[in-house]
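The values are calculated or read from the model by the stated rules, or taken from the named source; none is laboratory data. From a predicted model like this one, the values you see are computed outputs, not experimental measurements. In this analysis, Cβ positions are derived from the backbone assuming ideal geometry, glycine residues included, and neighbour counts consider all displayed protein chains. Just so you know, the surface numbers come from the protein's heavy atoms only, side chains and all, with ligands and any DNA or RNA stripped out. Shrake-Rupley method; radii C 1.70, N 1.55, O 1.52, S 1.80 Å.
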Amino acid sequence: MSTTVVLSHPIAQHFMVALRKKKGRTNENFRRDMHRIGLMLAIEATKDLKTKSVKVTTPLGIATGSCLRSRQALVSITRAGNGLLDAFLQFLPEAYVWHVSVSRNEETFKPDFHGSKIPGHVPSDLDVCYVLDPMLATAGTACLTIQLLKDAGAKKIVYVGVLGASEGVATLTAAHPDVQIYLVAIDEKLTAKKFIDPGLGDAGDEQYPTV
Ligand code: PRP
């Protein structure tokens, strides 16, 4: 069973406070801070990627180094996941990018599935899928997405979020013990309407408001 990694880096924690803070919040600032945290999550979540040894010609001679040798997929759960997608693409510009459209039903709190651009069968050169969504509340949305990936043949899946609820972490871990989870903070409570409490608000609305 994978353990959940909670980023303890002081800068990640600093920007977590910025994301939570209501006073002075603007969509621009929220997107910027989500991107900053996304960069740090990308560094941490990719630290075990496979590499290959290479030689490179410098202006003076030959140096040895290592390059990435695996292919990744970045799976953004819209809307909120798109804020992490930009950050991951900074470091993995050649990754596959797949979108999953899911929204949580406001009455049942279950995920409503609208569609996905995950291929029917994942490509043969795929190593790891990073599922990107800042908020892990009940984990219904994450579990639905991970099952789609497994049904398409994905073998290695990593969930990358920002804020999780204890309940959601437990549910996701129980349903998919093989999936490594990365977060920046975990809150103990969910409200009666299944919002993470004290949380940070609605990461989709805060980044990409409709009006
Ligand atoms: C939020 C959040 C997750 C989901 C988490 O999205 O971004 O996708 O809810 O809830 P769960 O763990 O209980 O399933 P929402 O459905 O509000 O859509 P949005 O990203 O468009 O705001």
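Table for the structure above
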| read-out | value |
| --- | --- |
| Exposure rank, largest accessible area first [51, 138; 1.4 Å] | 51, 138 |
| Potential extension, residue 211-residue 57 segment - 0.36 nm per residue separation minus Cα distance | 50.2 nm |
| Two-site FRET efficiency, residue 22 against residue 97, from Cβ-Cβ distance with R₀ of 41 Å, rounded to 0.05 | 0.80 |
| Computed label-point distance, nm, for sites residue 106 and residue 69 using a 7 Å Cα→Cβ extension | 5.2 |
| Hydrodynamic radius by Kirkwood, which averages 1/r over all alpha carbon pairs of segment 76-131, in angstrom | 12.7 |
| Between helix 82-91 and the chain: long-axis angle, C-alpha atoms, 0 to 90°, nearest 10 | 10 |
| Förster-model FRET efficiency, 30 Å R0, residue 90 and residue 178, C-beta, rounded to 0.05 | 0.65 |
| Coil-residue trypsin sites (Lys or Arg not before Pro) of segment 35-99, DSSP, other Cβ within 10 Å capped at 15 | 47, 50, 69 |
| Accessible area per residue in Å² at 1.4 Å probe, computed on segment 18-57 | 65 |
| Acute angle (nearest 10 degrees) that the helix 27-45 long axis makes with the longest principal axis of the chain, alpha-carbon atoms | 50 |
| In segment 105-211, GluC sites (Glu not before Pro) in a DSSP loop with at most 10 other beta-carbon atoms within 10 Å | 106, 107, 188 |
| Rounded tilt (10° steps) of 166-175 against the dominant C-alpha axis of the chain | 60 |
| Theoretical FRET efficiency, 1/(1+(r/R0)^6), r = Cβ-Cβ of residue 170 and residue 147, R0 22 Å, to 0.05 | 0.80 |
| Inverse mean reciprocal Cα-Cα distance (Kirkwood Rh) of the chain, Å | 17.8 |
| DSSP beta bridge pairing in segment 92-165, given as percent antiparallel to the nearest 5 | 40 |
| Cα Rg over Rh - segment 113-211, Kirkwood | 0.99 |
